[in-house]
1. So is L115 modelled with pLDDT of 90 or more, surrounded by 13 or more Cβ atoms within 10 Å (Cβ to Cβ) and outside any helix (DSSP H, G or I) or not?
2. Quick one: what pairs do we get from segment 137-151, first residue touching a residue at least 12 places away in the same chain (Cβ under 8 Å), second open to solvent by less than 50 Å² (accessible area, probe 1.4 Å) and among the hydroxyl-bearing types (S, T, Y), C-beta under 9 Å, 6+ apart or different chains?
3. For segment 96-112, which positions are polar (S, T, N, Q) and open to solvent by 50 Å² or more (accessible area, probe 1.4 Å)?
4. Can you spot a residue in segment 139-157 that is part of a strand (DSSP E or B), open to solvent by 70 Å² or more (accessible area, probe 1.4 Å), at negative phi and in contact with a strand residue (DSSP E or B) (Cβ under 7 Å, 6 or more places away or on another chain)?
5. If a residue must be more than 29 Å from A138 (Cβ to Cβ), among the aliphatic types (A, V, I, L, M), in contact with a Phe, Trp or Tyr (Cβ under 7 Å, 6 or more places away or on another chain) and open to solvent by less than 60 Å² (accessible area, probe 1.4 Å), how many such residues does segment 46-86 contain?
Amino acid sequence: MALDFIALLPDEEIPETPAACEAASSSDTGEPAPDAWSITRAHFGADSLELALHEELLDFAEAFRPTRAESAMREAAVERVVSLLASLPSFASASVRPFGSYATGLCLPSSDVDLAVFGTGFESKVQQVAGLRQIEKALHRAGWRAEEVEVIGSAKVPIVKYVDGP
């Protein structure tokens, strides 16, 4: 699972987000629901294109909703990052908030987790990139597998991303 961190934004730039992908799935095996888009499946909206599309979208959402295990895995990854940042003096008073598909509950099994870090006091891009380098070093020393760690300091909003290993 990939994690992206967009760091050092003022609190007003990203609104509060709803709870992350909930753990209620009809398929805790990780497999899509059987016959999710079967031609033989009767839809109530067969006479209405709009209603048929609506039902198809509901089928898709149900088939690809994260399982309890996938949700727990993402939540654990976020908690590891929060703990990691709390252990760094430069980030001790910072707060971490998820955003994007994970935060809205629209994540797919292959979706990444986007996190924003607030309250660091890093104003300039140079300070932000230096802060991200601190996170990069801490990820390499972390007690879990953080793979493919990369700081992208040349982006408009610099980020550090990594793949959270098992």
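1. yes
2. Pairs that qualify, where the first residue is touching a residue at least 12 places away in the same chain (Cβ under 8 Å) and the partner is open to solvent by less than 50 Å² (accessible area, probe 1.4 Å) and among the hydroxyl-bearing types (S, T, Y), are L139/Y162; A146/Y162; E147/Y162; E148/Y162; V149/Y162; E150/Y162.
3. If we filter segment 96-112 for residues that are polar (S, T, N, Q), which is where we start, we get 101, 104, 110-111.
Across segment 96-112, the qualifying residues are T104, S110.
4. Let us first name the residues in segment 139-157 that are part of a strand (DSSP E or B), namely 146-152.
Subset that is open to solvent by 70 Å² or more (accessible area, probe 1.4 Å): 148, 150.
Okay, now just the ones that are also at negative phi, so 150.
Then keep just the ones that are in contact with a strand residue (DSSP E or B) (Cβ under 7 Å, 6 or more places away or on another chain); that gives 150.
Within segment 139-157, one or more residues are part of a strand (DSSP E or B), open to solvent by 70 Å² or more (accessible area, probe 1.4 Å), at negative phi and in contact with a strand residue (DSSP E or B) (Cβ under 7 Å, 6 or more places away or on another chain).
5. Total meeting the criteria: 0.
So that you can scan it fast, the table gives a plain yes or no per residue for (1) closer than 30 Å to F60 by Cβ; (2) at pLDDT below 95:
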{"position": "F91", "(1), (2)": "no, yes"}
{"position": "S110", "(1), (2)": "yes, yes"}
{"position": "K125", "(1), (2)": "no, yes"}
{"position": "A138", "(1), (2)": "no, no"}
{"position": "G143", "(1), (2)": "no, yes"}
{"position": "P158", "(1), (2)": "no, yes"}
{"position": "P166", "(1), (2)": "yes, yes"}
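The values are calculated or read from the model by the stated rules, or taken from the named source; none is laboratory data. Just so you know, these numbers come straight off a predicted model, no measurement behind them. Cβ coordinates were reconstructed from backbone atoms using ideal geometry, including for glycine residues, and neighbour counts include every protein chain displayed. Calculation scope for accessible area: heavy atoms of the full protein, side chains included, ligands and nucleic acids excluded. Shrake-Rupley method; radii C 1.70, N 1.55, O 1.52, S 1.80 Å.
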